[in-house]
Amino acid sequence: MSNPNQAMVEKYRSNFLKEVEANVEEGHWVKMCMQCGVCSGSCPLGPHWEHPPQEIFMMIRAGKREEVLGSSSMWMCTSCYNCIARCPRGLPITHIMHGLATYAKRLGLQPKTQPTAKFSQLFWSNLTKTGRVNELKLGLSLYFMNGFANGIKTALKMQDVGLGMYKTGRLNPLEILGGHSIKDTGGLQKMLKKAFEIEEAKIAEYKG
Amino acid sequence: MSEVIATNQTILVVGGGISGLTAALEAAECGKQVILLEKAPSVGGRVSQLYKYFPKLCFPTCGLEIQYRRLKANKNVRLLTMAEVTGVTGEAGNFNVSVKVSPRYVNENCTACGECEKAVSTEFDDEFNYGMKKRKGAYLTSAMAYPQRYVIDPRIVAGDDGAKAKEACKYNAVDLEMQEQELSLNVGAVVWATGWKPYDAAKIQPYGYDRYDNVISNVEFERMLDPFGPTGGKIVRPSDGQAPKNIAFIQCAGSRDQNHLKHCSRICCMATLKQTTYIKEQLGDDCKSTVYYIDIRAIDRIDDFHRMVKADPNVTFVKSKVANITGGADDNVLLNGVDTEGYHRYRNEHDLVVLATGMESTVPAGVLPTGVEINEHNFIELDSDSGIYGAGCSSDALDVNRAAQNATAAALRAIQVVTRVAGQEG
Ligand SMILES: Cc1cc2nc3c(=O)[nH]c(=O)nc-3n(C[C@H](O)[C@H](O)[C@H](O)COP(=O)(O)OP(=O)(O)OC[C@H]3O[C@@H](n4cnc5c(N)ncnc54)[C@H](O)[C@@H]3O)c2cc1C
Ligand code: SF4
Ligand code: SF4
């Protein structure tokens, strides 16, 4: 593309807002933000965000696709709901943050070292295998998320918690053998596959 | 009380603020019969509680005095104070309005000499000063009260103070036997102008109006400037009575907010800009003002005022709605947020915070007949045929100028109804 004007238009095409509206959960709310800043100021994780929610919403409208989807910001959200409680425009900010994170992950654009993203993937794989969360396996995979040595260290540190959970019936050591599951695991897999296909088709419409 | 005569050619105006006064006078000066009802012991409404009004920065006495003089001179208006509408039935051209008139315990003989006030001792929160000051049980609502007639608080009537007040009055004006009255008025059209009340700042939980002494509302700030007001005209910190050096104004406090008032109250931007001029006038370079805002809504002509304030080096503007307020040292407070111009996180210390709270409509529930359309903001819609017309801040959040225009329009519509009735009756 030789025309610099054209290049700029391409760079800032507002298609990204449309893409967010179509593909991100609660994405249609983004245009309602009036840039007051209350959400950003209310977030307890505030100082650790690369871009606070208010800025993310403006970046979406400015078409900064790669910066938004590659940002670690949405992954910092702890679902405290402070922002939703205070937003004067009633935006479901927490949900939009999770929607953006999910979408970025789906496209493989999330920051590669983001621990929340990694954990979310572990949780999802664990849950969808049998339709039930296998606490033992999830715990173990979480411990070893950052390498073997680290895993042993964490496991030792968490010993008492594990024992406590075992005693109160919250953790069954036999789960290691496969664990409990729903009746129709195959049915669940099929459902999820179908849902995934529907989402993929929708995403394909706007995928950059 | 003398008989109130009303017919279906009479226009009833409810609320004696600047809007109700304007509507009543415009209709009366057209030769129509008007009854003006005011709930308080005096007319004047919220305007009489302001120090000065924008954009010209004149004192409220200026506009109100003219209205009072017109009122006094006009035989077509019958004013009833301490009167409240309890129900309206009927239709355009033929309404039946029930009214409750509370006893003032002081009759027309009163010369406002103030002897009763001197004689009594019990004190109550002064409504005119939003409870920032006490007043006696025998009182005049303000120096500018109209009518200039004292009131006896019902809470002292039965006690010693009641007897003392009666004894002190040389003109036989104190009448402790006065009773509440129920009236039933037949009128042709109604202009509803009961105005606004300040949005309850304590409901904006993150701003801690109820937790921090030095977080006040804009209507309270306005009262501080009145030489007869709670601080004798001085701008002070409520915590220690000292002059502040670093005041913050928070715009849209409780307005434009799904959790509070959804509408823009429209006057609070201008009210804040105006209040920064009070600070300049009284404290000069010794006090800075910072205005935290989403966007400044100083519309059309009054944008000049906005520019004038912007040019003042002692006034800073921060584009951000403050997220919350926390306590600091020396009764100061910390304003926390993120600004929109660069997304900088701030924690700014101020020694006094003025919340620019907005206007909440006072249109009552369950009083007006079903034909009257009341919108989601509790304002009366400009519906043309109901025979009941909202005026001033009963129809929208308006400044004095626009409220008066709007009230004149409402009067004109009411005049059309009673003129039609007169035509039919021949
Ligand atoms: C902080 C602040 C500063 C402001 N400064 C300015 C300014 O500088 N310039 C400007 O133009 N505007 C200003 N305004 C706006 C101004 O106050 C309004 O425009 C004005 O008060 C509207 O007049 P109104 O008659 O409609 O209502 P009101 O002034 O509220 O009058 C209503 C009247 O009705 C009476 N009433 C209430 N309920 C009943 C009832 N049920 N029955 C009978 N009577 C009833 C009340 O007692 C009152 O007398 C300011 C507002 C605020 C909040
Ligand atoms: S609080 Fe709501 S309106 Fe304000 S910046 Fe955040 S999302 Fe936008
Ligand atoms: S006038 Fe200004 S402060 Fe008041 S609600 Fe509107 S924008 Fe907010």
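The values are calculated or read from the model by the stated rules, or taken from the named source; none is laboratory data. Worth saying up front: this structure is predicted, and the values here are computed from it rather than measured. Cβ placement follows ideal geometry from the backbone for every residue including glycine, while neighbour counts extend to all protein chains displayed.
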Test: residue in segment B:229-250 that is within 16 Å of ligand 2 (Cβ to nearest atom) and touching a residue at least 60 places away in the same chain (Cβ under 8 Å): yes
Of all residues making up segment B:290-328, the number that are within 16 Å of ligand 2 (Cβ to nearest atom) and over 27 Å from the mean Cα position of the chain (by Cα): 5
Options B:I250, B:I299; residue that is more than 24 Å from B:P206 (Cβ to Cβ) and aliphatic (A, V, I, L, M): B:I299
Residues within segment B:281-312 that are more than 16 Å from ligand 1 (Cβ to nearest atom) and over 21 Å from B:K56 (Cα atoms), tallied: 8
Among (1) under 20 Å from B:D126 (Cβ atoms); (2) within 8 Å of ligand 1 (Cβ to nearest atom); (3) at pLDDT below 95, the one test that B:L64 misses: (2)
Residues of segment B:1-29 satisfying the condition of being at pLDDT 95 or above, among the hydrophobic types (A, V, I, L, M, F, W, C) and out of contact with any strand residue (DSSP E or B) (no Cβ under 6 Å at 6 or more places or on another chain): B:I18, B:L21, B:L25
Scope segment A:68-121; condition within 14 Å of chain B (Cβ to nearest Cβ) and of a type in the set (F, W, Y); matching residues: A:Y81
Test result for B:Q275, assigned to a helix (DSSP H, G or I), among the polar types (S, T, N, Q) and within 14 Å of ligand 1 (Cβ to nearest atom): yes
Helices (runs of 4 or more DSSP H) enclosed by segment A:20-132 - at least 1 residues per element that are buried (at least 22 other Cβ atoms within 10 Å of the Cβ) and among the hydrophobic types (A, V, I, L, M, F, W, C): A:38-42, A:53-61, A:65-69, A:82-86, A:93-106
Residue list for segment B:127-183, filter: part of a strand (DSSP E or B) and crowded, with 18+ Cβ neighbours inside 10 Å: B:R135, B:K136, B:A138, B:Y139, B:V151, B:I152, B:V174, B:L183
Pair list, Cβ < 9 Å and 6+ apart or interchain, from segment A:37-61 residues that are more than 10 Å from chain B (Cβ to nearest Cβ) to residues that are surrounded by fewer than 17 Cβ atoms within 10 Å (Cβ to Cβ) and of a type in the set (S, T, Y): A:P44/A:T78; A:L45/A:T78; A:R61/A:S14
Candidates B:A298, B:A243 - the one that is aliphatic (A, V, I, L, M), within 13 Å of ligand 3 (Cβ to nearest atom) and either out of contact with any strand residue (DSSP E or B) (no Cβ under 7 Å at 6 or more places or on another chain) or at pLDDT 95 or above (or both): B:A298
Members of segment B:91-102 found to be outside any loop (DSSP other than H, G, I, E, B) and crowded, with 18+ Cβ neighbours inside 10 Å, listed by number: B:F95, B:V97, B:V99, B:V101
Members of segment A:133-160 that are outside any helix (DSSP H, G or I) and under 25 Å from the mean Cα position of the chain (by Cα): A:V133, A:N134, A:G147
The lone exception for B:F54 - which of (1) more than 16 Å from ligand 3 (Cβ to nearest atom); (2) surrounded by 14 or more Cβ atoms within 10 Å (Cβ to Cβ) it fails: (1)
Residues of segment B:386-396 satisfying the condition of being within 15 Å of B:G45 (Cβ to Cβ) and either out of contact with any helix residue (DSSP H, G or I) (no Cβ under 9 Å at 6 or more places or on another chain) or near ligand 1 (Cβ under 8 Å from one of its atoms) (or both): B:A391, B:G392, B:C393, B:S394
Residues being assigned to a helix (DSSP H, G or I) and surrounded by 19 or more Cβ atoms within 10 Å (Cβ to Cβ) - total across segment B:28-45: 2
Lone qualifier among B:R402, B:R413 - being among the basic types (K, R), more than 30 Å from B:L57 (Cβ to Cβ) and surrounded by 15 or more Cβ atoms within 10 Å (Cβ to Cβ): B:R413
Of all residues in segment B:292-316 being away from every other protein chain (no Cβ under 14 Å) and assigned to a strand (DSSP E or B), the one that is surrounded by the most Cβ atoms within 10 Å (Cβ to Cβ): B:V315
Of all residues in segment A:28-49 being small (G, A, S) and within 9 Å of ligand 2 (Cβ to nearest atom), the one that is farthest from A:C80 (Cα to Cα): A:G37
Only listed residue being touching a strand residue (DSSP E or B) at 6+ places or on another chain (Cβ under 7 Å) and away from ligand 3 (no atom under 16 Å from the Cβ), chosen from B:Q33, B:Q49, B:Q67: B:Q33
Criterion violated by B:C268 - all others in (1) more than 13 Å from ligand 1 (Cβ to nearest atom); (2) under 17 Å from B:Y199 (Cβ atoms) satisfied: (1)
Hits in segment B:298-318 - residues which are in contact with a Leu (Cβ under 9 Å, 6 or more places away or on another chain) and of a type in the set (G, A, S): B:A298
